[in-house]
1. Determine if segment 24-44 includes at least one residue that is in contact with a Pro (Cβ under 8 Å, 6 or more places away or on another chain) and either in contact (Cβ under 8 Å) with a residue 12 or more places away in the chain or not in a strand (DSSP E or B) (or both).
2. Within segment 70-108, work out how many residues are in contact (Cβ under 8 Å) with a residue 24 or more places away in the chain and either closer than 23 Å to TYR44 by Cα or in a helix (DSSP H, G or I) (or both).
3. Out of segment 82-91, which residues are of a type in the set (A, V, I, L, M, F, W, C) and farther than 22 Å from GLU72 by Cα?
4. Suppose we keep only residues that are surrounded by fewer than 12 Cβ atoms within 10 Å (Cβ to Cβ), of a type in the set (Asp, Glu) and at pLDDT 85 or above within segment 42-73. Which one would you say is farthest from the chain's Cα centre (by Cα)?
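The values are calculated or read from the model by the stated rules, or taken from the named source; none is laboratory data. These numbers were taken from a predicted model, which means no experiment stands behind them. For neighbour counting, all protein chains shown are included, and Cβ atoms are generated from backbone atoms with ideal geometry for every residue, glycine included.
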Amino acid sequence: MKKIVGTFHVVNPKTFDFETYGDENGEFEFTARLLRIGVDDGTYEELITNLSEDEYPLKRITSLYKSRWFIERGYENLKYGVEIQLIYARKMDLVKQEVYAGMTLHNF
């Protein structure tokens, strides 16, 4: 496990609270951990987290990641099945409309 210290640059300044977190350039320092988790097929997944090592040791994160993986795969299958990988709408009611339209067309 490696610790990372770096600078994070905010891409969309409209959705980020600079007064609390960043400077006038949209940057702030952060500390994170780089984790490598073994997957069942013998490969590895690399994760970056800012969760405390005391509260979330590698063993706990591995357990959470593996239990969460099936849920994420389900969402991926749903998105690709109804062809909604990209949502172009910005307003919530239009996002819902795109999702419902994709799900409706998928059933025909």
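1. Going residue by residue through segment 24-44, those that are in contact with a Pro (Cβ under 8 Å, 6 or more places away or on another chain) are 26.
Imposing the further condition that a residue be either in contact (Cβ under 8 Å) with a residue 12 or more places away in the chain or not in a strand (DSSP E or B) (or both) reduces the set to 26.
Yes, segment 24-44 contains a residue that is in contact with a Pro (Cβ under 8 Å, 6 or more places away or on another chain) and either in contact (Cβ under 8 Å) with a residue 12 or more places away in the chain or not in a strand (DSSP E or B) (or both).
2. Pass one, segment 70-108, residues in contact (Cβ under 8 Å) with a residue 24 or more places away in the chain: 81-82, 106.
Now narrow it down to the ones that are either closer than 23 Å to TYR44 by Cα or in a helix (DSSP H, G or I) (or both): 81, 106.
Of the residues in segment 70-108, 2 are in contact (Cβ under 8 Å) with a residue 24 or more places away in the chain and either closer than 23 Å to TYR44 by Cα or in a helix (DSSP H, G or I) (or both).
3. Let us first name the residues in segment 82-91 that are of a type in the set (A, V, I, L, M, F, W, C), namely 82, 84, 86-87, 89.
Result: ALA89, single match.
4. Among residues in segment 42-73 that are surrounded by fewer than 12 Cβ atoms within 10 Å (Cβ to Cβ), of a type in the set (Asp, Glu) and at pLDDT 85 or above, the one farthest from the chain's Cα centre (by Cα) is ASP54.
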